[in-house]
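Take a look at the structure set out below.
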Amino acid sequence: MEEYIDPVCKMKVSKDTPYKTVYKGRVYYFCCEHCKEEFEKNPEKYI
Ligand SMILES: [Zn+2]
């Protein structure tokens with residue numbers, strides 16, 4: 001199973017997570033809707 005780091009809370013997340021977003025051509029994975037929304041509000045803060 002591939003794992004990614006949630007850029008907002010730094011938790012490991014599976015790539016099967018339903019919470020993901022594409023920003024500048026890269027896919028970011030999140031542990032929950034909350035982290036996804038935080039990222040989308042201010043992506044530059046987290047990349
Ligand atoms: Zn998170």
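Using heavy-atom solvent-accessible surface (probe 1.4 Å) with all chains present, what is the largest-first order of 19, 46?
19, 46
Less than 10 Å Cβ to Cβ from residue 29, Lys/Arg counted +1 and Asp/Glu -1: what total charge do the surrounding residues give?
0
Can you tell me which lysines have their Cα less than 18 Å from the Cα of residue 45? Leave out same-chain residues fewer than eight positions away.
Result set, ordered by chain and number: 10, 20, 24, 36.
Residue 13's amide H: which non-local residues (gap 5+, or another chain) put their own amide H closer than 5 Å, with H modeled 1.01 Å from N in plane and none for Pro or chain starts?
Amide H to amide H, under 5 Å and 5 or more residues apart or across chains, residue 13 pairs with 4, 5, 6.
Given a Förster distance of 22 angstrom, what is the FRET efficiency for residue 14 paired with residue 40, based on the Cβ-Cβ distance and rounded to 0.05?
Details: r = 20 Å, r/R0 = 0.91.
E(calc), rounded to 0.05, equals 0.65.
Along each principal axis of its Cα atoms, how long is the chain end to end? Whole angstroms, biggest number first, please.
Projected onto the principal axes, the Cα atoms of the chain cover 28, 21, 16 Å.
Can you check what the net charge comes to around residue 17, using other residues whose Cβ is under 12 Å from the Cβ of residue 17 (Lys, Arg +1; Asp, Glu -1)?
Taking every Cβ under 12 Å from that of residue 17, the sum is -1.
Can you work out ³J(HN,Hα) from phi for every residue in the range 27-39, in order, using Karplus 6.51 cos²θ - 1.76 cosθ + 1.60 and θ = phi - 60°, giving whole Hz and x for Gly and Pro?
9, 10, 10, 10, 7, 7, 4, 4, 5, 4, 5, 4, 4
May I ask you to compute the full-extension gain from residue 2 to residue 32, defined as 0.36 nm times their residue separation minus their alpha-carbon distance, rounded to one decimal in nm?
Gain on stretching residue 2 to residue 32: 9.1 nm.
For the chain, what does the helix formula give at 222 nm: sum of -39500 (n - 2.57) over DSSP H segments with n ≥ 4, over the residue count, nearest 500 deg cm²/dmol?
The helix contribution divided over the chain gives -6500 deg cm²/dmol.
Can you tell which of 14, 46, 34 lies farthest toward the positive end of the dipole of the chain, using +1 and -1 charges on the Cβ of basic and acidic side chains (Lys, Arg; Asp, Glu)?
The listed residue farthest towards the positive side: 46.
The values are calculated or read from the model by the stated rules, or taken from the named source; none is laboratory data. Quick caveat: nothing in here was measured; it's all calculated off a predicted structure. Neighbour counts run over all protein chains shown; Cβ positions are idealised from the backbone, glycine included. Only protein heavy atoms, including side chains, enter the accessible area calculation; ligands, DNA and RNA are left aside. Shrake-Rupley method; radii C 1.70, N 1.55, O 1.52, S 1.80 Å.
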